[in-house]
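Colleague: Okay, handing you the structure first.
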Amino acid sequence: MVARFLPLLLQAGVLLLALTGCICRAQSKNFKCSIINEAGFCFIENVHLDVSTNGIGGDSIQFPRHPTLLIKSGAIPYFGKDIFALLGNTKQLHVYNQTSIRNLFIPVTNLTEINVQRNGLLEFDVEPVENRELKMLSIVHNGLVAVPRNIRFLVGLEKLYLYNNSLEYFDLEPLANASHSLKILSIYDNHIKTLDSRSALYFPKLQTLSLSKNKLAFVPYFEESFPAVTVVSLRKNPWNCGWLHTTMQYIEARKIQVVRKDAACRDRWISEICCTYTVLDFMFDRAAAQIRREQQLLRNVTHENRRLVETVHQLADDLHRLQSQLDQQQQPASEKSISDARTGDSV
């Protein structure tokens with residue numbers, strides 16, 4: 001009976017060993033550069049790593065020891081600390097179009113640049129440890145709806161690109177720790193309605209500020225927060241006309257470059273940037289006109305008062321001069337009377 005089933009058992013064992021070998025080989029992944037272009041980018045393709053938040057497990061994974069890696073295609077649902085640890089001495093990491101990522105966790109590493117674009121990324125977070133190495137973070141053409149508070153640990157950040165996402169709110173406060181290093185902030189093409197800030201928060205080295213294609217009505221403390229800005233983009237926002245008028249005066253006085261202005265407007269535009277004229281603007285303009293009238297009236301009254309004071313001073317001078325002349329005329333008459341009196345006494 002056993003001899004009868006022995007061939008079947010042997011076949012099953014061989015099949016099991018073959019499957020086990022396939023699994024072992026699947027767990028061992030040694031990625032290599034498919035090409036290194038003239039710019040020194042090491043292209044890696046078909047990187048499929050189904051790693052959970054618990055780590056890689058027993059897989060043997062190796063990436064090329066290259067300063068600039070570009071992962072061109074694949075799927076890495078959770079790109080976290082364990083995968084970053086495999087990058088060795090890589091300084092620049094680019095994860096492009098056809099590499100799917102759902103969650104990104106940025107730990108403290110040797111990386112100076114992280115560029116993640118068109119990956120379907122929905123959220124990211126930062127390890128709550130001070131990171132001075134990372135200088136450029138670019139997460140663009142993705143589906144971000146929020147910026148984590150832990151971005152404040154990226155204290156050496158110089159360039160932050162978060163354009164073409166789904167952000168509705170952006171707070172400058174978490175960037176306060178990088179306020180003296182940040183040079184570029186690009187958050188255009190989102191759905192941002194509120195850009196939050198505070199009066200004492202300023203970025204003395206920020207040179208480029210890209211705000212186009214959002215839903216902003218104003219930027220609080222614009223002049224105070226960005227004293228060194230040289231390039232700004234503002235188009236395609238429902239700016240408040242009063243705020244925009246004041247801000248454009250500041251921009252033009254400082255010769256700040258405004259890139260890509262609005263081509264046409266449904267309501268109004270100021271210096272070729274569209275703005276929305278609201279009831280608040282109407283009330284503001286009416287109050288401003290009333291203030292201008294009152295100021296003009298005050299200037300007129302002040303001018304008339306000045307003329308009146310000058311007239312009074314002139315009359316006082318004339319009176320003083322007439323009084324002097326009268327005194328001079330009365331003096332000889334008095335002297336003659338005294339002389340006549342003395343003559344009469346001697347007779």
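The values are calculated or read from the model by the stated rules, or taken from the named source; none is laboratory data. This one's a predicted model, so the numbers in the text were calculated from it and none came from an experiment. As a convention, Cβ positions derive from the backbone with ideal geometry for all residues, glycine included, and neighbour counts pool all protein chains shown. Note: areas computed on protein heavy atoms with side chains; ligands, DNA, RNA excluded. Shrake-Rupley method; radii C 1.70, N 1.55, O 1.52, S 1.80 Å.
Colleague: Please report, in debye to the nearest 20, how large the charge dipole of region 221-315 is about its Cα centre when each Lys and Arg carries +1 at its beta carbon and each Asp and Glu carries -1 there.
Modeller: In total the dipole reaches around 220 debye.
Colleague: I've got another one for you. Roughly speaking, to the nearest percent, how much of region 74-156's 1.4 Å accessible area is carbon and sulfur?
Modeller: 48
Colleague: Oh, and also: Roughly what % antiparallel, to the nearest 5, for the DSSP beta bridges in region 30-229?
Modeller: Bridges in region 30-229 are about 5 percent antiparallel.
Colleague: Determine the sum of side-chain charges near SER233: Lys and Arg each +1, Asp and Glu each -1, restricted to other residues whose C-beta is under 14 angstrom from that of SER233.
Modeller: In short, +2.
Colleague: I would also like to ask the following. Mind checking which aspartates and glutamates have their Cα closer than 17 Å to the Cα of LYS72? Skip sequence neighbours fewer than 8 apart in that chain.
Modeller: GLU38, GLU45, ASP50, GLU113
Colleague: So if I place +1 on the C-beta of Lys and Arg and -1 on the C-beta of Asp and Glu, and nothing else carries charge, what would the dipole magnitude of region 30-229 be about its Cα centre? I want it in debye, nearest 20.
Modeller: About 280 debye.
Colleague: Have a look at CYS33, ILE114, VAL219 and report the one farthest towards the positive end of the charge dipole of region 30-229, computed about the Cα centre with Cβ charges (Lys/Arg +1, Asp/Glu -1).
Modeller: CYS33
Colleague: Net charge near ASN103: determine it from the other residues with C-beta under 15 Å of the C-beta of ASN103, scoring Lys and Arg +1 and Asp and Glu -1.
Modeller: -3
Colleague: Just add up the charged neighbours of SER34: K/R +1, D/E -1, any other residue whose Cβ is under 14 Å from the Cβ of SER34.
Modeller: Here the charged neighbours net out to +1.
Colleague: Right, next: List the pairs from LYS91/LYS236; LYS91/LYS183; LYS183/LYS261 whose alpha-carbon separation is above 27 Å, in the order I gave them.
Modeller: LYS91/LYS236
Colleague: Determine the share of region 195-304's accessible area contributed by carbon and sulfur atoms, expressed in whole percent, with a 1.4 angstrom probe.
Modeller: Roughly 56 percent of what the probe reaches on region 195-304 is carbon or sulfur.
Colleague: Another question, if that's okay. Under a crude label model (7 Å from the Cα following the beta-carbon direction), how far is THR112 from GLU310 in nanometres?
Modeller: Those two pseudo-labels are separated by 6.8 nm.
Colleague: Another one. Rolling a 1.4 Å sphere over the protein heavy atoms, what is the accessible area per residue of region 30-229, to the nearest Å²?
Modeller: 45
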